[in-house]
1. Quick one: angle between helix 108-144 and the longest Cα principal axis of the chain, in degrees between 0 and 90, rounded to 10, please.
2. Can you give the FRET efficiency to the nearest 0.05 for LYS153 and GLU186, using r as the Cβ-Cβ distance and R₀ = 35 Å?
3. Quick one: if you take sqrt(5λ) for each eigenvalue of the C-alpha gyration tensor of segment 126-216, what semi-axes come out, biggest first, whole angstrom?
4. Report the full-extension gain for the segment LYS219 to THR194: residue separation times 0.36 nm, less the Cα-Cα distance, to one decimal in nm.
5. Taking Cα centroids, how far is segment 146-182 from segment 104-144 in Å?
6. Multiply the residue separation of ALA255 and SER72 by 0.36 nm, subtract the distance between their alpha-carbon atoms, and state the gained length in nm to one decimal.
7. Points 7 angstrom from Cα along the Cβ direction at VAL106 and SER276: gap in nanometres?
8. Among all the lysines, which ones have a C-alpha under 22 Å from LYS25's C-alpha, if same-chain residues fewer than 8 places away are not counted?
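Read-outs: derived from the displayed coordinates by stated rules, not from any lab. Quantities reported herein were computed from a predicted structural model and do not represent experimental measurements. For neighbour counting, all protein chains shown are included, and Cβ atoms are generated from backbone atoms with ideal geometry for every residue, glycine included.
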Amino acid sequence: MGKTEANKIIEPFFSHDKAARGDEKIVRMFYEARKQYGNLSEAALKDALPWAYYGLYWGVVEYMHRNNLKASELEMLAYELRIDPEILSDLMNNYQLFREENGCYVSDRILRNLEYQAEKSEQNSKAAKARWALAYFKKICLEVFEKELKLNKSEVPIYLDYDETIDGFREKLPDILYTLKTLRFENNPKFVPTINWLLESNNLVKLLNGGYGKLKSWKEHKDYLKAKEEEENVNAVSSVEEAIELLLENTTYIAASDQCVVNPSYSVLFDKFNISRSEIRRMKLERLKANA
């Protein structure tokens with residue numbers, strides 16, 4: 001729907017709560033108004049009748065925004081609205097406000113409103129999905145490249161299309177970006193891996209399908225870096241005190257089984273510094289109790 005068409009719908013009317021009739025103050029107004037009947041002159045009632053029709057019209061509009069109104073159910077709605085069925089029938093059939101199609105009453109105004117609401121809901125849903133997709137892209141870029149990779153305006157819809165159409169795209173994105181980061185070409189030593197290149201000429205799909213070599217695992221690379229860091233930490237320990245502290249930091253107490261589990265990467269410290277596992281368990285529990 002174009003901008004002009006949308007304006008046609010939203011400009012002529014103000015927002016109207018489709019459940020307004022259930023508001024406590026409106027219910028009280030109905031109640032008090034009915035008690036006024038005996039106090040009003042015939043002339044006053046005559047003057048109020050067109051406005052009663054107008055209010056009845058909005059009551060029907062509220063109902064039809066939430067329900068289909070079958071022609072056979074007119075008497076049921078009249079009972080619900082506490083109005084004479086003849087008056088409701090007069091409103092529905094004689095003023096070109098509603099028409100009957102396939103046994104149901106319809107209104108072009110209501111159909112336009114419902115269509116506009118559905119479109120806005122879809123647009124809002126798409127916008128929310130796009131924001132989440134781009135936020136996730138930024139997060140993974142910062143993790144893999146340690147900097148933000150920027151998309152220009154023409155690249156955003158291309159990226160969002162990939163996000164929507166490639167099965168499991170977000171799970172694959174870390175591997176895609178890590179493979180991109182490590183990509184090198186012998187015939188182009190000056191090549192700089194960028195997201196802009198990735199979104200050109202269907203390069204992303206080619207990379208994903210192995211066109212530039214096997215897709216590399218970002219998780220395996222992170223695990224390797226973590227293991228290397230742990231090894232360096234272990235090798236850097238030069239005293240019993242340091243070893244104990246490192247073991248305590250890398251020991252997890254599992255209450256369900258009453259066990260202390262030590263990260264295997266640091267287990268070598270037990271033998272290297274002649275530290276007993278029971279000692280680390282006792283110290284870990286003491287530290288947990290002190291911090292409780």
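1. 10
2. Details: r = 34 Å, r/R0 = 0.97.
Efficiency for this residue pair is about 0.55.
3. On the way: eigenvalues 92, 38, 32 Å².
Square roots of five times the eigenvalues give 21, 14, 13 Å.
4. Values: separation 25, 0.36 × 25 = 9.00 nm, distance 2.06 nm.
Going from the current span to full extension adds 6.9 nm.
5. Computed from Cα coordinates, the inter-centre distance equals 21 Å.
6. On the way: separation 183, 0.36 × 183 = 65.88 nm, distance 6.67 nm.
Gain on stretching ALA255 to SER72: 59.2 nm.
7. Modelled inter-label distance: 8.6 nm.
8. Once the sequence-local lysines are set aside, what remains near LYS25 is LYS35.
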